[in-house]
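Peer 1: After the structure tokens below, expect a handful of questions from me.
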Amino acid sequence: MDNKKEEIKIDLSSVSNMDAIKGTNPSVDSFIDKNTQKKPEKEQKVSELIETGYKVEHFDKYPRKFEFVPADKVKLPSNGLPYQSCDDEDVKSGFIWIYPLTMKEEEILSTPKYINEGVATIMALNNCIKSNIDAMDLTVGDFYYLLMYLRQVSISDNFSFEIKCPHCGHEFKHDIKISEQKFDELDESNFNEPIRVDLPMTNYTVLLGIPRIRTIREISWMMNDTKNEIGVADVLYVRTIAIITPNGNEVPKSDWVVFYNNLPHKDYDTILNFTQFDNGMGHIVGNVKCPECGKEIEGSSVDLNTDALFRYES
Ligand SMILES: [Zn+2]
């Protein structure tokens with residue numbers, strides 16, 4: 001008789017609900033990770049999901065009955081790169097058709113309920129867009145660009161707003177001419193979506209989207225809905241396109257927040273290196289010098305109330 005003990009081997013591929021075990025206990029996770037090196041399957045899944053990318057929502061624009069003012073064809077700073085899953089060929093190639101503001105949009109923009117809910121500019125822009133894309137799917141950069149455009153054609157090329165200096169606290173009025181603003185453009189060399197992040201400790205792979213209006217809205221909805229503080233996991237959740245296990249399975253969306261909360265420090269740090277939260281203000285405001293202390297204020301730190309864009313008095 002052969003006395004040599006057989007090493008106990010578990011075929012993990014036959015565990016049907018392995019994803020259910022995962023995440024429950026760190027030692028289970030590391031056991032699974034060490035025993036499942038099915039790289040090719042994972043790579044295949046990752047490339048499939050990268051190919052799918054961010055899915056723009058299907059949006060059939062309801063046509064205007066009275067087209068008193070024609071829509072203009074506007075070139076988007078993103079050049080349409082983030083909208084390749086859109087049905088609208090113009091949008092895919094970087095153009096959007098947009099009407100100037102009408103009475104309806106001015107009404108929306110001055111309705112306190114919509115302003116308080118932070119949806120006034122989104123609703124107004126959706127009314128003005130003639131192309132088949134939802135303003136919620138626009139990148140932050142394109143969204144602000146179109147709001148500026150609407151102000152320029154419907155109200156004025158001049159825009160002045162309040163800035164509070166983060167260095168000395170001084171508040172002052174800052175004037176810009178919209179026609180003189182430079183907007184950052186996207187091209188093949190600087191467009192990257194989904195952003196792929198391979199996590200060194202857990203060997204999971206995370207695919208992130210670039211910030212869109214939907215991202216920002218979802219975060220503010222969360223803030224309104226819960227009494228709890230919004231954590232980094234929540235912010236990452238709204239930017240996540242997919243999370244892939246070392247075996248090439250997808251982590252269900254319902255587990256994403258827990259997944260982020262359970263990540264070891266090194267993995268967590270790796271993700272944060274890939275996610276700069278650009279509020280879109282940098283390329284609108286540029287860098288401003290504080291008239292009081294003379295220090296430079298980064299445009300990205302300016303908290304611009306977009307509703308102010310549609311007030312006449314400034
Ligand atoms: Zn200052």
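Readers should treat all values here as calculations from the given coordinates under stated rules, not as data from a laboratory. Because the structure is predicted, anything quoted here is derived from the model rather than measured. Don't worry about glycine lacking a Cβ; one is built from the backbone with ideal geometry, like all the others, and counts go over all protein chains shown.
Peer 1: Treating the Cα atoms of the stretch 126-210 as identical point scatterers in vacuum, please give the log10 of the normalised Debye intensity I(q)/I(0) at q = 0.24 Å⁻¹, two decimals.
Peer 2: Rounded to two decimals, the profile gives -1.19.
Peer 1: Please work out whether the stretch 130-285 counts as rounded, prolate or oblate from its C-alpha gyration tensor, where a ≥ b ≥ c are the square roots of the eigenvalues and a/c under 1.5 means rounded, while otherwise a/b larger than b/c means prolate and anything else oblate?
Peer 2: It is prolate, given that a/c is not under 1.5 and a/b is the larger ratio.
Peer 1: Given 0.36 nm per residue, what is the gain on full extension from residue 85 to residue 72 after removing their alpha carbon distance, in nm?
Peer 2: 2.4 nm
Peer 1: Efficiency by 1/(1 + (r/R0)^6): what FRET value for residue 273 and residue 110, r their Cβ-Cβ distance, R0 = 35 Å, to the nearest 0.05?
Peer 2: 0.25
Peer 1: Peptides 248-257, 58-67: what's the order by average Cβ count within 10 Å, highest mean first?
Peer 2: Details: 248-257: 14.3, 58-67: 9.9.
The peptides rank, most packed first, as 248-257, 58-67.
Peer 1: Using 0.36 nm per residue of separation minus the Cα-Cα distance, give me the extension gain between residue 296 and residue 179 in nm, one decimal. Don't jump to the answer; show the numbers that get you there.
Peer 2: Values: separation 117, 0.36 × 117 = 42.12 nm, distance 2.27 nm.
So the extension gain works out to 39.9 nm.
Peer 1: Here's another thing I want to ask about it. Can you tell me the order of 127-137, 288-298, 214-224 when each peptide is scored by its average per-residue count of other Cβ atoms within 10 angstrom, highest first?
Peer 2: 127-137, 214-224, 288-298
Peer 1: Hey, another quick one. Return a whole-number percent for the relative contact order of the stretch 195-274, with Cα pairs under 8 Å and 6 or more residues apart as the contact set.
Peer 2: 36 percent
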